[in-house]
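Asks: Please read through the structure below; I'll follow up with questions.
The values are calculated or read from the model by the stated rules, or taken from the named source; none is laboratory data. Nothing here was measured: the structure is a model prediction, and the numbers come from that model. A quick note on method: Cβ atoms are made from the backbone with ideal geometry, for glycine too, and the neighbour counts reach across all protein chains shown. Ligands, DNA and RNA are stripped out before the accessible areas are found, and what is left, the full protein with its side chains, is counted by its heavy atoms. Shrake-Rupley method; radii C 1.70, N 1.55, O 1.52, S 1.80 Å.
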Amino acid sequence: MKKILITGGAGFIGSHVVRLFVNKYPDYQIFNLDKLTYAGNLENLKDIENKANYKFVKGDITDADFINNLFQQEKFDAVIHLAAESHVDRSISNPLEFVQTNVIGTVNLLNVAKHAWGCSKDKSLPADKKFYHVSTDEVYGSLGDEGLFTEETAYDPHSPYSASKAASDHFVRAYFDTYNLPVVISNCSNNYGPNHFPEKLIPLCIHNIKNNKPLPIYGKGENVRDWLFVEDHANAIDVIFHNAKLGSTYNIGGHNEWTNIDVIRLLCKIMDKKLGRAAGENEKLITFVKDRAGHDLRYAIDSSKLQNELGWKPSLQFEEGLGKTVDWYLANEEWLSHVTSGDYQKYYEQQYVTR
Ligand code: NAD
Ligand code: TYD
């Protein structure tokens, strides 16, 4: 029996990680701790909410007393930390919120885990405990036309979001070096798939195509992202959680680079067919808008360490994954209307507060 605290489990990636762990490991007890910000929605986990090995706890990772009490009470063996503010554009308009959640919240969790597990440089690493920090490739900054981010690439964050994630990664490593906290970090490329909040490029454009609204492309649409299907990320987290050496870092990515404009052209084509529109109809919605400040040109991940050492590889081609994603959004109009109207809180109140 293992007790695992997963933070941010009501969000996009967290919900896929929680579902995978609850279903795959019936012997583990999975606690999902989430503040339920605008990005967290328990409807993402409807299918597993009554499973015996799953429990939801509403709470804030920046609240030291609350986290400390939860640890004292539940005596977790491991933490998989995903809770974060995650949208670059929001970080540009409100950087302090990102410092608060991504930096202070992470250090708070590190402190509580260190205390609960009695970690110190005078003692050996507690091999039966683990603090797994989920991070992003954006900490490495921006690539030119050539090259890939490896685990050795120096950190060079540019946005307030990536700066806050970089700071949190540094704190996680500092707790390994200074206090022998048993940590593992992974840095993943851009994810896409079901449950993605429709402020990010792909779900926003699916939503807008469906509603015949403009598709806002920042600058010339030449920026490159390395897209990975969210379930492939969740599988990588499973593999790393169970097999990585303590203190190590793994990059996760699918060798799947696309310019933004090509992603949106492909999406338009897929949705012309799925919505029964004439070929080329959706592309007319593409609208070039003012570029994002400090917009990183290119991200691309070298995940050969993960592939060679731990045998992980992505399972889906982008065209197939994007088709599956569109199908999910078209079939889940209720989810979309709840998250876009703010009604996602009602589900929590009905399912958890009143019962
Ligand atoms: P998300 O915004 O969809 O979800 C974040 C979750 O954290 C939400 O459920 C939210 O309610 C919760 N949360 C926010 N503040 C909290 C707080 N103070 N206390 C408790 N819970 C809080 O994010 P995501 O896209 O699922 O990303 C999850 C993690 O993966 C983040 O750490 C992010 O940096 C990292 N990541 C994301 C991507 C990506 O493409 N989305 C890629 C690589 C890494
Ligand atoms: P996004 O989904 O916000 O992820 P990230 O900034 O973490 O990579 O953006 C993906 C790419 O799409 C990025 O280069 C910014 C661009 N973009 C647009 O062109 N238009 C949009 O409306 C959004 C949200 C993003």
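Asks: For Cα pairs less than 8 Å apart in space and 6+ apart in sequence, what is the mean separation divided by the residue count of the chain, i.e. the relative contact order in percent?
Replies: 18 percent
Asks: Still on this structure, I have one more. Could you go through segment 251-267 in sequence order and give the Karplus-derived ³J(HN,Hα) for each residue, using 6.51 cos²θ - 1.76 cosθ + 1.60 with θ = phi - 60°, rounded to whole Hz, and x for Gly and Pro?
Replies: 8, 10, x, x, 6, 9, 8, 9, 6, 4, 5, 5, 4, 6, 4, 5, 4
Asks: Can you give me the long-range amide H partners of LEU33? Hydrogens built in the peptide plane at 1.01 Å from N, cutoff under 5 Å, separation of 5 or more residues or another chain.
Replies: ILE6, THR7, GLY8, GLY9, VAL57
Asks: Right, here's the next one. With point charges of +1 on the Cβ of Lys and Arg and -1 on the Cβ of Asp and Glu, referenced to the Cα centre of the chain, which listed residue (LEU246, ASN44, GLY321) lies farthest in the positive direction of the dipole?
Replies: Highest projection toward the positive end goes to ASN44.
Asks: Restrict the search to segment 71-136; then list the trypsin sites (Lys or Arg not before Pro) that DSSP places in a loop and that have at most 12 other Cβ atoms within 10 Å of their Cβ.
Replies: Answer in residue order: LYS75, LYS121, LYS123.
Asks: Going by amide H atoms built from the backbone, whose H comes under 5 Å of the H on THR136, apart from near neighbours?
Replies: CYS188
Asks: Here is a further query. Have a look at PRO198, GLY141, HIS87 and report the one farthest towards the positive end of the charge dipole of the chain, computed about the Cα centre with Cβ charges (Lys/Arg +1, Asp/Glu -1).
Replies: So the residue furthest toward the plus end is PRO198.
Asks: Let me ask another. Non-local amide H neighbours of ILE217 (under 5 Å, H modeled in plane, Pro and chain starts lacking H): which ones?
Replies: For ILE217, whose amide H was placed from the backbone, the distant partners under 5 Å are THR287, PHE288, VAL289.
Asks: Rounded to the nearest 500, what is the 222 nm mean residue ellipticity of the chain from helices alone, with -39500 (n - 2.57) per DSSP H run of 4+ residues and division by all residues?
Replies: -12000 deg cm²/dmol
Asks: Let me see the pair-distance distribution of segment 124-254: every alpha carbon pair, 5 Å bin width, integer percents in order.
Replies: 2, 9, 16, 19, 19, 14, 9, 6, 3, 2, 1, 0
Asks: At a 1.4 Å probe, what is the % contribution of carbon and sulfur to the accessible area of the chain?
Replies: Here carbon and sulfur together make up 49 percent of the probe-accessible area.
Asks: Translational diffusion coefficient, Stokes-Einstein: compute it for segment 199-355 using the Kirkwood radius over C-alpha pairs as Rh, at 10 °C and 1.306 mPa s, and state it as an integer in µm² s⁻¹.
Replies: Estimated via Stokes-Einstein, D reaches 89 µm²/s.
Asks: For the chain, what does the accessible surface come to per residue with a 1.4 Å probe? Please give it in Å².
Replies: 42 Å²
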